[in-house]
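Inspection log for the structure reproduced underneath, given as structure tokens.
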Amino acid sequence: MPNLTRAWLLAIIALSLNAGADETANPVRTIIERHDQSGVPGKEIVLGTAVLPAGTGIGFHTHPGDEIGYVLKGTLILKTKGKPERVLKPGDGFFNERGAIHSLVAAPGAEGGTAVSTWIVDKDKPLATPVAE
């Protein structure tokens with residue numbers, strides 16, 4: 001009985017997560033943690049996720065520091081000005097240096113995806129600044 005109950009609970013959670021993604025149909029960034037960088041005045045470390053439903057993307061932007069991340073699920077495309085597009089699948093990592101103009105989009109025909117990133121950025125500046133395409 002406990003295994004059946006657990007299976008039902010997991011099914012309900014999965015359905016509610018999918019329903020939430022369908023309702024928003026917009027990328028959602030979530031900051032998980034934010035801390036001052038030890039011994040480096042004026043810098044902070046930020047950990048966060050980006051959930052991109054099918055057919056969506058985060059427009060071109062920059063960060064006031066470096067970003068390193070990886071794809072948790074789905075297929076995403078990293079577009080960086082001056083570089084070839086990169087198709088990213090679960091487990092693939094990526095890096096955006098300070099000031100790199102980049103965008104992350106759900107791959108066409110895919111179900112969307114989720115990435116997790118860590119940024120080491122200038123404190124008291126916006127984490128991301130939009131850039132016109």
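Yes/no matrix, rows are residues, columns are (1) surrounded by 18 or more Cβ atoms within 10 Å (Cβ to Cβ); (2) more than 16 Å from the chain's Cα centre (by Cα):
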| site | (1), (2) |
| --- | --- |
| 36 | no, yes |
| 44 | yes, yes |
| 49 | no, no |
| 78 | yes, no |
| 86 | no, no |
| 97 | no, no |
| 105 | yes, no |
Tell me which residues, restricted to segment 115-133, are among the β-branched types (Val, Ile, Thr) and either assigned to a loop (DSSP other than H, G, I, E, B) or surrounded by 17 or more Cβ atoms within 10 Å (Cβ to Cβ) (or both). 120, 121, 131
Odd one out for residue 100 among (1) modelled with pLDDT of 95 or more; (2) farther than 26 Å from residue 132 by Cα: (2)
Select, from 43, 125, the only residue that is in contact with a Pro (Cβ under 8 Å, 6 or more places away or on another chain) and of a type in the set (Lys, Arg). 125
Condition (residue is at pLDDT 95 or above and in contact with a helix residue (DSSP H, G or I) (Cβ under 6 Å, 6 or more places away or on another chain)) applied to segment 48-66: is it met by at least one residue? yes
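The values are calculated or read from the model by the stated rules, or taken from the named source; none is laboratory data. In this text the structure is predicted, and so the values were computed from the model without any measurement. Note that each Cβ is placed from the backbone with ideal geometry, even for glycine, and that neighbours are counted across all protein chains shown.
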